[in-house]
1. From Gln102, Gln143, Gln117, Gln134, which residue is surrounded by fewer than 21 Cβ atoms within 10 Å (Cβ to Cβ), closer than 15 Å to Leu54 by Cβ and not small (Gly, Ala, Ser)?
2. Tally time: how many residues in the range 85-99 are surrounded by 13 or more Cβ atoms within 10 Å (Cβ to Cβ) and either under 20 Å from the mean Cα position of the chain (by Cα) or among the aromatic types (Phe, Trp, Tyr) (or both)?
3. Tally time: how many residues in the range 120-131 are out of contact with any helix residue (DSSP H, G or I) (no Cβ under 8 Å at 6 or more places or on another chain) and buried (at least 18 other Cβ atoms within 10 Å of the Cβ)?
4. Out of Leu64, Leu14, which single residue is in a helix (DSSP H, G or I), at pLDDT below 50 and surrounded by fewer than 17 Cβ atoms within 10 Å (Cβ to Cβ)?
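The values are calculated or read from the model by the stated rules, or taken from the named source; none is laboratory data. Model, not experiment: these values are computed from the prediction. Counting neighbours? That spans all protein chains shown, and the Cβs are built from the backbone with ideal geometry, glycine included.
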Amino acid sequence: MRIRTHVAVTAALLAFAPLSAVPLAAQNAAPGMAEEMKEITTEQYVNKAALGDLFEIQSSEIALSRSGNDDIKAFAEMMVEDHTASSDKLSAAVSEGGSRAQIPTTLDPAHEEKISQLRNADEGEFDALYLEMQEEAHEKALQLHRAYAANGDDEALRNIADEMVPVIEGHHEKVKSLRESEDAS
């Protein structure tokens, strides 16, 4: 009886052992993202992650000066702090690693257009527009970081991606909650 129990426990442990080698973010990735995950290169990851951070920082700095809602301002402060920290980690990993990826220092035209929309939004429409953009940006960021955490070829960057997933999930949940509050008022 003891041998059977030992064999059963060993078999169960071996069956789940491969999961421990896969980053948590990759284990939680949406099934439909499998193909997209396989295709992301280190250069694409670094570019998109850096652009995402730049957008989050710049859009949130605008929110700090334009929003009249204290909850949105608190969220914007958190975005500036967390995405500045994320940018610093990304830069350090690229600098210390062997990656030839270039970190953008300015926004691309698509993100610049969004910043322009925020700057030019009517006072009564600003908060809703900011929150809408934040929700969309965090959905894309989650996909990006989960994809690289699962299949990235640079270990240091893969670890950063995996570390960022729960942070971005928290941001995403908070922005959804803020949007619900805005919709209710």
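1. Unique residue meeting the criteria: Gln102.
2. Here the count works out to 8.
3. 0
4. Leu14
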